[in-house]
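Some notes on the structure that comes next.
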Amino acid sequence: MQKILLVDDDPHIRDMVRFALRREGLAVVEAENGVEALERAEAEAPDLIVLDIMMPEMDGTEVCRRLRRHSRVPIIFLSSRDDEIDRVLGLELGGDDYVGKPFSPRELVARVKAVLRRMQPDQSPDAIAKTELRCGRLRLDLEGFRAFWDEAEVVLTVTEFSILRTLAERPGKVFSRDGLMDGAYALDHYVSDRTIDSHVRRVRAKFQAAGGGPVETVHGLGYKLSSCR
């Protein structure tokens, strides 16, 4: 049973979300502030974290910063402010998605399940036979969700890895944002163009730190895999 860490200081929201997630067969552990969230994340090793931004003790953005020092656990942010910059900030910090309050429990569950699906290995015959992708200096470990430039590992979130994998599976193909969304996000139709751009920026920044540049922009069209030289 996959385990979700639910972090929110509002007990009514926790009650609502806990019920919706458990109804889908997911285990739920909870925290009511940021400090407790870090403790629970270490003790429980959740498969995904639903993380409120505005909390006492420590806010969600700082929790995410600290988690990302050593963990790639998927994070979905909750935000009570209808401010797009807060939402994008969450993704720039390393979140996988966001949901604005007030929200439908059904929508949140759909996003949780979509992110969890990205963590599952492709069981098609072709995918089972293929354990890695290589293009020039880029190597993707498809079973371990790990990316390498030369032999240096570049730590990506599950969503970032899914985007890069989609590009690497079709080298030379130019993906529009919609096409990249379809490939990387499977059945998750909630993702915006701005969210895709935010994830691509993070992928680029991480590879630039390792001396690489696997994603190329085709102006007016979208993105494609670079030559990875």
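The values are calculated or read from the model by the stated rules, or taken from the named source; none is laboratory data. Quick caveat, the model's predicted, so the values are computed rather than measured. Heads up, the Cβs are rebuilt from the backbone with ideal geometry, glycines too, and the neighbour counts pull from every protein chain shown. SASA here: full protein model, heavy atoms, side chains in, ligands and nucleic acids out. Shrake-Rupley method; radii C 1.70, N 1.55, O 1.52, S 1.80 Å.
Placing pseudo-labels 7 Å out from each Cα toward the beta carbon at Arg66 and Ala205 gives an inter-label distance of 2.0 nm. With a simple spin-label model that places each label point 7 Å from the Cα along the Cα-to-Cβ direction, the separation between Ser80 and Glu57 comes to 1.7 nm.
Once the C-beta distance of Glu24 and Arg229 is scaled by a Förster radius of 41 Å, the resulting FRET efficiency is 0.35 to the nearest 0.05. Measuring with a 1.4 angstrom probe and ignoring ligands and nucleic acids, Lys224 comes out at about 50 Å² accessible. Axis angle, to the nearest 10 degrees, between helix 158-169 and the longest C-alpha principal axis of the chain: 20 degrees.
Once fully extended, how much extra length lies between Glu132 and Ser176, figured as 0.36 nm per residue of separation less the alpha-carbon to alpha-carbon distance? The partial results should precede the final answer.
Working: separation 44, 0.36 × 44 = 15.84 nm, distance 2.43 nm.
Length difference between fully extended and current span is 13.4 nm.
Compute log10 of I(q)/I(0) for region 34-82 with the Debye formula, placing one identical point scatterer on every Cα and leaving out solvent, at q = 0.18, 0.25, 0.27 Å⁻¹, to two decimals. Summing over Cα pairs of region 34-82 leads to -0.49, -0.95, -1.10. Show that you can apply the helix-only estimate: for the chain, add -39,500 (n - 2.57) for every DSSP H stretch of four or more residues, divide by all residues, and state [θ] at 222 nm to the nearest 500. Taken over the chain, the calculation gives -13000 deg cm²/dmol. Please find, in a Gaussian network model of the chain (springs between Cα atoms separated by less than 10 Å), the residue of Met54, Met16, Met181 whose mean-square fluctuation is greatest. Taking springs between Cα atoms under 10 Å, the residue moving most is Met16.
Full-extension gain between Leu116 and Glu151, please, as 0.36 nm times their residue separation minus the C-alpha to C-alpha distance. All intermediate terms of the calculation are to be shown ahead of the outcome.
Working: separation 35, 0.36 × 35 = 12.60 nm, distance 2.77 nm.
The span from Leu116 to Glu151 would gain 9.8 nm if fully extended.
Per residue, the solvent-accessible area of the chain (1.4 Å probe, heavy atoms of protein chains only, all protein chains present) comes to 48 Å². Listed peptides 212-220, 166-174 appear in the order 166-174, 212-220 once ranked by packing, highest mean of other Cβ atoms within 10 Å at the front. Across the options Val35, His70, Gly136, the greatest Cα extent toward the positive end of the charge dipole of the chain (unit charges at beta carbon of Lys, Arg, Asp, Glu) belongs to Gly136.
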